[in-house]
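What follows is a short report on a single structure.
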Amino acid sequence: MKIVAFGASPSKNSINKKLATYAASLFENAEVEVLDLNDFSMPIFSVDAEAGIGQHTLAQSFLDKMGSADFLVVSLAENNGNFSVAFKNIFDWCTRIQKEIFQNKPMLLLATSPGGRGGITVLELAKGAFPRFGAEVKGSFSLPNFDANFDTEKGQISNLEMDAELKKMVRGLQY
């Protein structure tokens, strides 16, 4: 099984990329490819930009990555209760090529933040919206207070209860 994972943030030290990487590593016998949103940096989407340059090749590359996966692990950064601008821009460019950008792939949807809500607002937004764009959301998980609950040196959740919850969820998603 091939898993494509990414944190929907352009931060070089993205806590969501760390969570997505960890969650993807929990799947047994899986080949994992972790994407960096910075590899898909495009001009801000507008119909004028699209008219000038056409369909962006990096949008097609992102779609190709989604298509290569058997399973997607996506961890969303929350910016003012919404998706990060970097992710939303990739999303907008991609939907102009193919509306169902997640290509009917099963997905584990995650979010984390330094705060106590753990990105729950953007997680709920995505759970409602992503199925309309070809995601089969099989599970979701929020990790609040990232700095207190994730050991960045070990690259894993340090809160034993939350770690057990995520591991149980992943075991249930294995096929």
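The values are calculated or read from the model by the stated rules, or taken from the named source; none is laboratory data. A quick note: this is a predicted structure, and the numbers were derived from the prediction, not measured. Neighbour counts run over all protein chains shown; Cβ positions are idealised from the backbone, glycine included.
Within the stretch 7-24, residues that are closer than 14 Å to residue 149 by Cα and in contact (Cβ under 8 Å) with a residue 40 or more places away in the chain sit with their Cβ atoms under 9 Å from residues that are among the β-branched types (Val, Ile, Thr) and assigned to a loop (DSSP other than H, G, I, E, B), at 6+ positions apart or across chains, in these pairs: 15/152; 18/152. Quick check on the stretch 142-153. Is at least one of its residues without any contact (Cβ under 8 Å) to a residue 12 or more places away in the chain and closer than 15 Å to residue 22 by Cβ? Yes, the conditions are met somewhere in the stretch 142-153.
Report yes if residue 3 is among the aliphatic types (A, V, I, L, M), closer than 21 Å to residue 119 by Cα and in contact (Cβ under 8 Å) with a residue 60 or more places away in the chain, otherwise no. Spelling it out, it is not the case that residue 3 is among the aliphatic types (A, V, I, L, M), closer than 21 Å to residue 119 by Cα and in contact (Cβ under 8 Å) with a residue 60 or more places away in the chain. If you check residue 89 against the conditions, is it surrounded by fewer than 23 Cβ atoms within 10 Å (Cβ to Cβ), modelled with pLDDT of 95 or more and over 24 Å from residue 38 (Cβ atoms)? So residue 89 fails the test.
Looking only at residues of the stretch 106-135 that are within 15 Å of residue 5 (Cα to Cα) and without any contact (Cβ under 8 Å) to a residue 40 or more places away in the chain, we find that the one that is surrounded by the most Cβ atoms within 10 Å (Cβ to Cβ) is 107.
Being hydroxyl-bearing (Ser, Thr, Tyr) and in contact with a helix residue (DSSP H, G or I) (Cβ under 7 Å, 6 or more places away or on another chain) is true of residue 75.
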